[in-house]
Amino acid sequence: MQASSRILRAAVKRTRPLGARQNHSRPQDPSSSTSTTHFGFRTVPEESKESLVRGVFDSVASSYDVMNDAMSLGVHRLWKDNFISLLRPGSKGPIRVIDVAGGTGDIALRVLDFAREKYADRETSVDVVDINGEMLKEGHRRFKKTMYHDTPQVAFQEANAQAMPEDRFPSNTYDLYTIAFGIRNVTSIKDALKEAHRVLKPGGTFACLEFNKVTNPVLGQIYDQYSFSVIPLLGTILAGDRESYQYLVESIRRFPSQPEFARLISEAGFATGGNFEGDGGAWRDLWGGIACIHMGVKV
């Protein structure tokens with residue numbers, strides 16, 4: 001893990017001269033917002049973020065559950081169960097699911113178990129997609145311990161959420177698209193949402209579980225203190241990797257608010273609203289907004 005941190009620091013340093021050369025060789029369009037992006041609280045060349053995020057998840061792949069336990073005080077497991085219960089896979093018969101940024105397979109396993117246990121459904125299938133090969137290796141290793149290993153019900157594929165190859169992920173294919181604690185790490189949320197819309201069938205559901213904005217000021221202050229003081233320290237103690245955990249905390253703060261993200265989902269072509277009670281009717285806050293479930297239907 002210490003070696004991964006050194007690689008991450010080196011990658012950040014390498015992005016600076018690269019960005020400088022590109023700015024020198026071609027004029028910047030003042031109206032363009034795609035030349036740079038954020039990596040936590042840092043501004044980096046847009047084309048560099050993918051490799052930087054990959055470095056983070058290469059580092060945390062083997063301790064993914066520990067990471068999420070640290071980020072959520074262990075409650076992420078309940079949130080994920082809530083997420084799947086809300087979606088009720090198998091309730092209307094077998095479906096095709098694509099779980100993006102789901103390399104370790106914890107959402108896919110919950111989908112398949114829910115469909116089987118609640119509805120005796122052994123035909124629902126999940127394509128687990130992740131840009132990070134180390135995360136996919138971890139997921140494949142975990143699935144070897146399950147009844148779904150080496151069956152048509154699960155497949156692991158490496159691909160970018162922003163541009164999934166048409167030949168492997170045809171348009172209008174899936175009934176359900178899930179992404180849990182992953183969309184904040186993509187370079188372009190808009191492009192990822194556009195791809196989600198493309199691969200879903202008309203009437204298909206987009207469902208996202210993500211850390212979000214805390215709505216209660218007192219809880220928000222406590223959570224901020226915990227996030228910036230305790231989580232990086234836990235990263236050091238548990239994984240020998242403070243910097244990756246620091247990035248993950250910062251990435252949450254850079255993620256759009258609930259209304260802003262709901263607007264992006266709507267602009268991608270999804271119908272939102274009517275699913276949940278509360279502001280906007282398009283999302284459900286969990287634990288005062290520490291996490292949030294967003295949904296949309298392809299129209």
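What number of residues within the stretch 199-250 satisfy the criterion of being closer than 30 Å to Asp127 by Cβ, of a type outside the set (Gly, Ala, Ser) and not in a helix (DSSP H, G or I)?
Count: 11.
So in the stretch 131-150, with the set limited to residues that are among the aliphatic types (A, V, I, L, M) and either free of Cβ contacts under 8 Å to residues at least 40 places away in the same chain or surrounded by fewer than 19 Cβ atoms within 10 Å (Cβ to Cβ) (or both), which one is farthest from Asn185 (Cα to Cα)? Don't jump to the end; show me each part of the working.
First pass over the stretch 131-150, keeping only residues among the aliphatic types (A, V, I, L, M): 131, 135-136, 147.
Applying the additional criterion that residues be either free of Cβ contacts under 8 Å to residues at least 40 places away in the same chain or surrounded by fewer than 19 Cβ atoms within 10 Å (Cβ to Cβ) (or both) yields 136, 147.
Values: Leu136: 16, Met147: 31 Å.
This residue is Met147.
Looking at Ser171, Ser188, which is the one that is surrounded by fewer than 23 Cβ atoms within 10 Å (Cβ to Cβ), among the hydroxyl-bearing types (Ser, Thr, Tyr), modelled with pLDDT of 90 or more and under 28 Å from Pro45 (Cβ atoms)?
On the way: Ser171 fails: under 28 Å from Pro45 (Cβ atoms).
Only one candidate qualifies: Ser188.
Report yes if Arg122 is more than 18 Å from Gly182 (Cβ to Cβ), out of contact with any strand residue (DSSP E or B) (no Cβ under 6 Å at 6 or more places or on another chain) and surrounded by 14 or more Cβ atoms within 10 Å (Cβ to Cβ), otherwise no. Break it down stepwise before answering.
Values: more than 18 Å from Gly182 (Cβ to Cβ): yes; out of contact with any strand residue (DSSP E or B) (no Cβ under 6 Å at 6 or more places or on another chain): yes; surrounded by 14 or more Cβ atoms within 10 Å (Cβ to Cβ): yes.
Taking the combined requirement at face value, the residue satisfies it.
Just one of Thr104, Thr124, Thr146 is touching a Pro at 6+ places or on another chain (Cβ under 9 Å) and polar (S, T, N, Q); which is it? Write out each step before concluding.
Details: Thr104 fails: touching a Pro at 6+ places or on another chain (Cβ under 9 Å); Thr146 fails: touching a Pro at 6+ places or on another chain (Cβ under 9 Å).
Exactly one of Thr104, Thr124, Thr146 is touching a Pro at 6+ places or on another chain (Cβ under 9 Å) and polar (S, T, N, Q), namely Thr124.
The values are calculated or read from the model by the stated rules, or taken from the named source; none is laboratory data. Predicted model only: the values in this text are computed from it and were never measured. Don't worry about glycine lacking a Cβ; one is built from the backbone with ideal geometry, like all the others, and counts go over all protein chains shown.
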